[in-house]
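One structure below.
No lab work stands behind these numbers, since they all come straight from the coordinates. No experiment lies behind these values; they were computed from the predicted model shown. Here the Cβ positions follow ideal geometry from the backbone for every residue, glycine too, while neighbour counts run over all protein chains shown.
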Amino acid sequence: MCNLYSITTPQTALREFLNAVIDKTGNLRTLPGVFPDTEAPIVRNGGEGRELAMARWGMPSPRFVLEGKKTDPGVTNIRNTASAHWRRWLGPAHRCLVPFTSFSEYDTVEGRKVPVWFALSEDRPLACFAGIWTQWTSTRKLKEGEVTVDAYGFLTTDPNREVKAIHPKAMPVILTEPDEIDLWLNADWKEAAKLQRPLPDGALTIVAKGERQDGAEG
């Protein structure tokens, strides 16, 4: 599953592409490597329209996962949307867009895990994962203690041909068109759920291998 991605689009272009009318991120730097439980930008519906905000990657874990544990670093990828644990966050109020320019799946080469980076093309154009978010209070790290954060994760689905060759189990749900983005943020779940499907075969390109971050452009 995808536990590493990159977002290197300039802040102004990010706002324009996602039609965000409110920007709560401050001076947003590029993020060549976004790892679980780190902060990254998301776009969600706000009181005055779409807002760009920062959130921590990792939604609250199901209760059974936390048995015997003192921390909950969160769930990054969500597949089973029929689960009661996830259903509470599937309405428009808790859906979000997670912008990215490339994402990584790990290949095994001579016994080593090697990141393989995928993008829509060599130019790494902006796209979005179909995400969900919530505000949650928990202990994500012992040294940090209990915190209240905006947390997010994104949906996964069956892999297309390119991802399957590296990671046969799943790929992120990716949105590339304005009508898909509008549907994800605003439609009822019956319609929005249709977006939980892989990109067509041939829609992704391998743009890098072997680096833990992908900061390249073009």
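Counting 0.36 nm for each residue step from T148 to V65 and taking away their Cα separation leaves a gain of 27.9 nm.
In region 19-90, one over the average inverse separation of all distinct C-alpha pairs is 14.3 Å, which is the Kirkwood hydrodynamic radius. In the elastic network of the chain, a GNM with C-alpha springs shorter than 10 Å, the most mobile of T176, T101, T157 is T176.
For region 5-209, place one equal point scatterer on every Cα, skip the solvent, and apply the Debye formula. What is log10 of I(q)/I(0) at q = 0.13 Å⁻¹? Values, matching the q order: -0.72. With a cut-off of 14 Å on the backbone N, the residues of region 130-150 near the modelled label site 7 Å out from K24 along Cα-Cβ are 133-136, 148-150.
Could you compute how fast region 137-209 diffuses translationally, taking Rh as the Kirkwood radius over C-alpha pairs and applying Stokes-Einstein at 4 °C with viscosity 1.567 mPa s? Give it in µm² per second. My calculation gives 87 µm²/s for D. Counted by Cβ distance under 14 Å from D179, the other residues give a net charge of -3, where Lys and Arg count +1 and Asp and Glu count -1.
Considering only W117, W133, W89, the Gaussian network model of the chain with Cα springs below 10 Å gives its largest mean-square fluctuation to W89.
For the residue pairs K169/K194; K164/K209; K164/K194; K141/K190; K113/K169; K69/K143, the C-alpha atoms sit more than 25 angstrom apart in K141/K190. For region 182-198, 3J(HN,Hα) computed residue by residue from phi via the Karplus equation (6.51, -1.76, 1.60; θ = phi - 60°) reads 4, 4, 4, 6, 10, 6, 5, 4, 4, 7, 4, 4, 5, 7, 7, 8, x Hz, glycine and proline entered as x.
As an exercise, use a Förster radius of 22 Å and the Cβ-Cβ distance of V114 and E39 to find the FRET efficiency, rounded to the nearest 0.05. According to the calculation, E is roughly 0.25.
When only the Cβ of Lys, Arg, Asp and Glu is charged (+1, +1, -1, -1), the dipole of the chain relative to its Cα centre reaches about 840 debye.
The stretch between K209 and K194, if pulled fully straight at 0.36 nm per residue, gains 2.2 nm over its current Cα-Cα span.
A simple count of charges around I132, restricted to other residues whose Cβ falls under 11 Å of its Cβ and scoring Lys, Arg +1 and Asp, Glu -1, yields +4.
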